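Visitor: Let me give you the structure first, and then I'll get to my questions.
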Amino acid sequence: MVDLPFAPPPPCPEAETLRLEVRDFLAEALADRTPAQRAESWSGHDAAFSRKVGAKGWIGMTWPKQYGGHERRALERYVVLEEMLAAGAPVSHHWIADRQSGPLILRVGTDEQKERILPRIARGEAMFCIGMSEPDSGSDLAATRTRAEAVQGGFVVNGTKLWTSGAHQADFMILFCRTGGGERHEGTSQFLVDLKATSSIQIRPVHALTGEHHFNEVVFTDVFLPETALLGKLGDGWNQVTSELAYERSGPERFLSSFLIMTEMLRVIGPEPSERAAIAIGRLAAHIHALRRMSRSVAGMLQAGENPALQAALVKELGNSLEQEIPEIARLLVDCEPSLESDDAFLATLSLITLHAPSFSLRGGTREIMRGMIARGLGLR
Amino acid sequence: MLLSGDFARQDFALGRAMTESLIEATAERLFGDHCTPRLLAAAEKGAFAADFWAAVEEAGLPRALVPEEAGGFGMPVAEALTILRVAGRHAVPLPLGETIAASWLLAGAGLALPDGPLTIAPVGKDAALALERRGDAWHLSGSASRVPWGRDAVAVAVLATHQGVPMVACVARGGFTVAHGSNLAREPRDTLDFDASLGADAVAPAASGVDHASLRALGAAMRSLQMAGAMAGLLDMTTKYALDRTQFGKPIGKFQAIQHSLAILGAHQAAAGAAATGGAEAVGDGLRVFPIAVAKLRTGEAAGLCAGLAHQVHGAIGFTYEHSLHFLTKRLLSWRNEFGNEAEWGLMLGRHLAAAGADRLWHEITAA
């Protein structure tokens, strides 16, 4: 029987108590944030906010206390994530570190790396960026060309990373590059690069179509990294990076990026919607409800130590399409002309998200890559 | 053999709690053995699969939702209802869900459970059936359309209101006339005209909280599970076909276009499965309507999409009567319209959310 199983999410009553606490915190912390700022969703940046979240104990929640973590359950962490997204909190200072860099360090890092880095992440004080994509290596990650050559006492890196979100703000990059011979997946490794303490790394902005600066080009020219920067095993980069991707792809940020439109649309439409509007809103809410269940199922799998890479791809495939559909439905239900300058909460939100929407099915692995992974899961590849 | 009907019946009779995997395996074996293309084709021509029904009844499956002492499974509702997902996967041409629902209504009202296939009425938005007291007895009149398997049921569990109180009446064959109708899969969907005198022992108030909306919700939850099962069947069948069928010198499943079609099919059937399971859990949790609305809407939307993709990958052979794909797709294309289509449930959800207001939208979704 060909099957793509999603077990029911494990029950977690503690999470519901926590949820109310998170809501109260966000109501206060985000009181001054405008709808357009909230619409930035998880690309919104505010280092001070992330420190506050860290102080609440909501970063690195599932990690050992020994490393600044809080030893809570994956479903509790999930509640914090989804509440942040639904409220439009500016989480980008800690998001990537909490989601994938921290868990990777925890899994493959040395004791020294764990002790030095993880408590900083958990305090919301260490921002990470992902050094995977390159000019000639996008979906085809194995085509990576950046290379670290072993030298006395460390490595020398040459190459260019591209589309690196937040590199201009980040403290660390986890760099994926070649360290040996062999084809494609062989001879790759990961490094923990301290961007603030490493000289001769050039970080240049790549402006998005909105004019915003999130992406960067990061150029390594004879950059020396000490031996202690190696993360995990030399030559084991491919295994490490693919397991990291399950964390990257399954979370609520893969279907809630445009949730703020739903909220503002409902405000415009009011308590007595037309039949057409009510049907459309009910349908979108049902899709979100079903995806939440699938995504929490993945959190349960992660908690149980399973590898949910396939289920993560399914959540991302469906979630990205939904995120892209929400602004399309909103613009038909509410007669309007979108404008980024608008003071109107609905229009400002709709405008920004309409322009961000094409990226939803590109970032974190394109739609086509997800479909390929699902086909592999079905035994077709 | 562990999974035989006899074994299952003994197990229920002893009142021992069955495990979900055992009940699923029992259903899988039973349905897999009986549900041949020949039987499905005969059912489409109107032949009730009496032997198959006898085996299903012997295994105790129609009593999934009644208390353990009345022959029920003694396991959480969502797990017991797994059998409907398995039934959907095999396109079981029997009123299993209907008998489960009828037994639930009757047992909830404290009425006796007849043996044999049962069904429920009303299922649509017909004018209510009239239930009047006549001396010590009762009389039921009125018409109910699109009643599933009406012609094959030995009795109908009717929900009717008497002086504002929802009542359940058990109307045996003979208490109604039947005009045949069917859905796209040729499953009976009949119009029943009731003119029935009923003894005091055949009518009782429905269980607390049970009304027409709950019956519709239960029906929606059951069809959602059947649809999720049918889509799981489509995925399995279509994937295997794509690996088997060769064109241009290789299996068509090796072409990226086909792989992506199957990935989309797989994703929507997975969402349907998750939503249907959520709906089944909600049945066991006092028939909470939000997750059931989600289940029916999400599975209904996936049904058309998955049926279309399955046909596209199968090509012309899947459009023939000879190939058994249509036994699943015709059911999907029918079930999505039964017990409320996506618009009906979407409207209900949307009005609820709009009344709650923008600032409670997220809360409503997470609390449901």
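The values are calculated or read from the model by the stated rules, or taken from the named source; none is laboratory data. None of these values were measured; they are calculated from a predicted model. Cβ placement follows ideal geometry from the backbone for every residue including glycine, while neighbour counts extend to all protein chains displayed.
Visitor: On the given criteria, is residue B:332 modelled with pLDDT of 95 or more, within 14 Å of chain A (Cβ to nearest Cβ) and in a helix (DSSP H, G or I)?
Guide: no
Visitor: Follow-up question, since we're still on this one. Checking residue A:358 against (1) surrounded by fewer than 17 Cβ atoms within 10 Å (Cβ to Cβ); (2) modelled with pLDDT under 95; (3) under 23 Å from residue A:251 (Cβ atoms), which single condition isn't satisfied?
Guide: Exception for residue A:358: condition (2).
To keep it simple, each residue is scored yes or no on (1) in a helix (DSSP H, G or I); (2) within 12 Å of chain B (Cβ to nearest Cβ); (3) touching a residue at least 12 places away in the same chain (Cβ under 8 Å).
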site	(1), (2), (3)
A:278	yes, yes, no
A:288	yes, yes, yes
A:291	yes, yes, yes
A:295	yes, yes, yes
A:298	yes, yes, yes
A:314	yes, yes, yes
A:324	yes, no, yes
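Visitor: Hey, another quick one. Counting residues that are surrounded by 14 or more Cβ atoms within 10 Å (Cβ to Cβ), which strands (runs of 3 or more DSSP E) fully inside the range B:93-179 reach at least 3?
Guide: B:118-121, B:137-148, B:155-162, B:165-172
Visitor: Those residues that are among the acidic types (Asp, Glu) and either in contact with a strand residue (DSSP E or B) (Cβ under 9 Å, 6 or more places away or on another chain) or within 22 Å of residue A:105 (Cα to Cα) (or both), I need them from the range A:143-192; list them, please.
Guide: Residues satisfying the conditions are A:149, A:171, A:186.
Visitor: Only one residue in A:274, A:189, A:199, A:243 is of a type in the set (Ser, Thr, Tyr), over 26 Å from residue A:92 (Cβ atoms) and surrounded by fewer than 23 Cβ atoms within 10 Å (Cβ to Cβ), so which one is that?
Guide: Every option except A:274 fails the conditions.
Visitor: Separate question: Within the range B:242-251, identify whether any single residue is under 15 Å from residue B:314 (Cα atoms), part of a strand (DSSP E or B) and within 10 Å of chain A (Cβ to nearest Cβ), and answer yes or no.
Guide: There is at least one residue in the range B:242-251 that is under 15 Å from residue B:314 (Cα atoms), part of a strand (DSSP E or B) and within 10 Å of chain A (Cβ to nearest Cβ).
Visitor: Can you say whether residue B:114 is closer than 29 Å to residue B:291 by Cα and touching a helix residue (DSSP H, G or I) at 6+ places or on another chain (Cβ under 9 Å), as far as the supplied structure shows? Reasoning before the result, please.
Guide: Numbers: closer than 29 Å to residue B:291 by Cα: no; touching a helix residue (DSSP H, G or I) at 6+ places or on another chain (Cβ under 9 Å): yes.
Considered against the rule, which asks whether it is closer than 29 Å to residue B:291 by Cα and touching a helix residue (DSSP H, G or I) at 6+ places or on another chain (Cβ under 9 Å), residue B:114 comes out as no.
Visitor: Select from the range A:333-381 the residues that are β-branched (Val, Ile, Thr) and assigned to a helix (DSSP H, G or I) and write down the one among them that is nearest to the other protein chains (Cβ to nearest Cβ).
Guide: Checked the range A:333-381; the qualifying residue nearest to the other protein chains (Cβ to nearest Cβ) is A:374.
Visitor: Of the residues that sit in the range B:285-298 and are over 16 Å from the mean Cα position of the chain (by Cα) and more than 9 Å from chain A (Cβ to nearest Cβ), which one is surrounded by the fewest Cβ atoms within 10 Å (Cβ to Cβ)?
Guide: So the residue we want is B:286.
Visitor: Right, another one. Looking at the range A:19-33, which of its residues are away from every other protein chain (no Cβ under 12 Å) and either part of a helix (DSSP H, G or I) or not acidic (Asp, Glu) (or both)?
Guide: The answer is A:21, A:24, A:25, A:28, A:29, A:30, A:31, A:33.
Visitor: For the range B:183-211, enumerate the residues that are surrounded by fewer than 16 Cβ atoms within 10 Å (Cβ to Cβ) and farther than 22 Å from residue B:114 by Cβ.
Guide: Once the filter is applied, which keeps residues that are surrounded by fewer than 16 Cβ atoms within 10 Å (Cβ to Cβ) and farther than 22 Å from residue B:114 by Cβ, the range B:183-211 yields B:184, B:208, B:209, B:211.
Visitor: In addition: Would you be able to tell me the number of residues in the range A:8-26 that are of a type in the set (Val, Ile, Thr) and free of Cβ contacts under 8 Å to residues at least 40 places away in the same chain? First the steps, then the outcome.
Guide: Step one: filter the range A:8-26 for residues of a type in the set (Val, Ile, Thr), giving A:17, A:22.
Those left that are additionally free of Cβ contacts under 8 Å to residues at least 40 places away in the same chain: A:17.
Within the range A:8-26, residues that are of a type in the set (Val, Ile, Thr) and free of Cβ contacts under 8 Å to residues at least 40 places away in the same chain number 1.
Visitor: Which one of these is assigned to a helix (DSSP H, G or I) and either touching a residue at least 60 places away in the same chain (Cβ under 8 Å) or among the charged types (D, E, K, R) (or both): B:292, B:317, B:258, B:264?
Guide: Only one candidate qualifies: B:292.
Yes/no matrix, rows are residues, columns are (1) of a type in the set (D, E, K, R); (2) more than 12 Å from every other protein chain (Cβ to nearest Cβ); (3) closer than 30 Å to residue B:41 by Cα:
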site	(1), (2), (3)
B:257	no, no, no
B:265	no, no, yes
B:275	no, no, no
B:283	no, yes, no
B:300	no, no, yes
B:310	no, yes, yes
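Visitor: Here is a further query. Given A:22, A:2, which one is outside the structural domain of residue A:257 (by TED's automatic domain parsing) and within 22 Å of residue A:79 (Cβ to Cβ)? Spell out how you get there, then give the answer.
Guide: Details: A:2 fails: within 22 Å of residue A:79 (Cβ to Cβ).
Of the residues listed, the single one that is outside the structural domain of residue A:257 (by TED's automatic domain parsing) and within 22 Å of residue A:79 (Cβ to Cβ) is A:22.
Visitor: Does residue A:248 fit the bill of being touching a residue at least 40 places away in the same chain (Cβ under 8 Å), closer than 23 Å to residue A:362 by Cα and within 12 Å of chain B (Cβ to nearest Cβ)?
Guide: Judged against the criteria, residue A:248 is not a match.
Visitor: Being in contact (Cβ under 8 Å) with a residue 24 or more places away in the chain, of a type in the set (Val, Ile, Thr) and in contact with a Cys (Cβ under 9 Å, 6 or more places away or on another chain) is the requirement here; does residue B:252 meet it?
Guide: Details: in contact (Cβ under 8 Å) with a residue 24 or more places away in the chain: yes; of a type in the set (Val, Ile, Thr): yes; in contact with a Cys (Cβ under 9 Å, 6 or more places away or on another chain): no.
It is false that residue B:252 is in contact (Cβ under 8 Å) with a residue 24 or more places away in the chain, of a type in the set (Val, Ile, Thr) and in contact with a Cys (Cβ under 9 Å, 6 or more places away or on another chain).
Visitor: Identify the residue in the range B:336-363 that is crowded, with 21+ Cβ neighbours inside 10 Å and assigned to a loop (DSSP other than H, G, I, E, B) and, among all such residues, is nearest to the other protein chains (Cβ to nearest Cβ).
Guide: Per the criteria, the residue is B:340.
Visitor: May I ask you to list the residues in the range B:199-241 that are in contact with a Leu (Cβ under 6 Å, 6 or more places away or on another chain) and not in a helix (DSSP H, G or I)?
Guide: Scanning the range B:199-241 gives a single hit, B:204.
Visitor: Only one residue in B:104, B:149, B:138 is out of contact with any helix residue (DSSP H, G or I) (no Cβ under 6 Å at 6 or more places or on another chain) and farther than 30 Å from residue A:5 by Cβ, so which one is that?
Guide: Among B:104, B:149, B:138, only B:138 is out of contact with any helix residue (DSSP H, G or I) (no Cβ under 6 Å at 6 or more places or on another chain) and farther than 30 Å from residue A:5 by Cβ.
Visitor: Also, I was wondering about something else. Here are some conditions: (1) farther than 16 Å from residue A:126 by Cβ; (2) free of Cβ contacts under 8 Å to residues at least 40 places away in the same chain. Residue A:48 meets all but one. Which one does it not meet?
Guide: (1)
Visitor: Output the residues belonging to the range A:87-105 that are farther than 16 Å from residue A:130 by Cα and either of a type outside the set (A, V, I, L, M, F, W, C) or surrounded by fewer than 24 Cβ atoms within 10 Å (Cβ to Cβ) (or both).
Guide: Of everything in the range A:87-105, those that are farther than 16 Å from residue A:130 by Cα and either of a type outside the set (A, V, I, L, M, F, W, C) or surrounded by fewer than 24 Cβ atoms within 10 Å (Cβ to Cβ) (or both) turn out to be A:87, A:88, A:90.
Visitor: Considering the range A:138-166 alone, what residues qualify as being assigned to a loop (DSSP other than H, G, I, E, B) and touching a helix residue (DSSP H, G or I) at 6+ places or on another chain (Cβ under 6 Å)?
Guide: A:139, the sole residue that qualifies.
Visitor: In addition: Do you know which residues across the range B:157-189 are out of contact with any Asp or Glu (no Cβ under 9 Å at 6 or more places or on another chain) and either over 29 Å from residue B:330 (Cα atoms) or not assigned by TED's automatic domain parsing to the domain that holds residue B:114 (or both)?
Guide: Residues satisfying the conditions are B:160, B:163, B:164, B:165, B:167, B:168, B:169, B:171, B:172, B:174.
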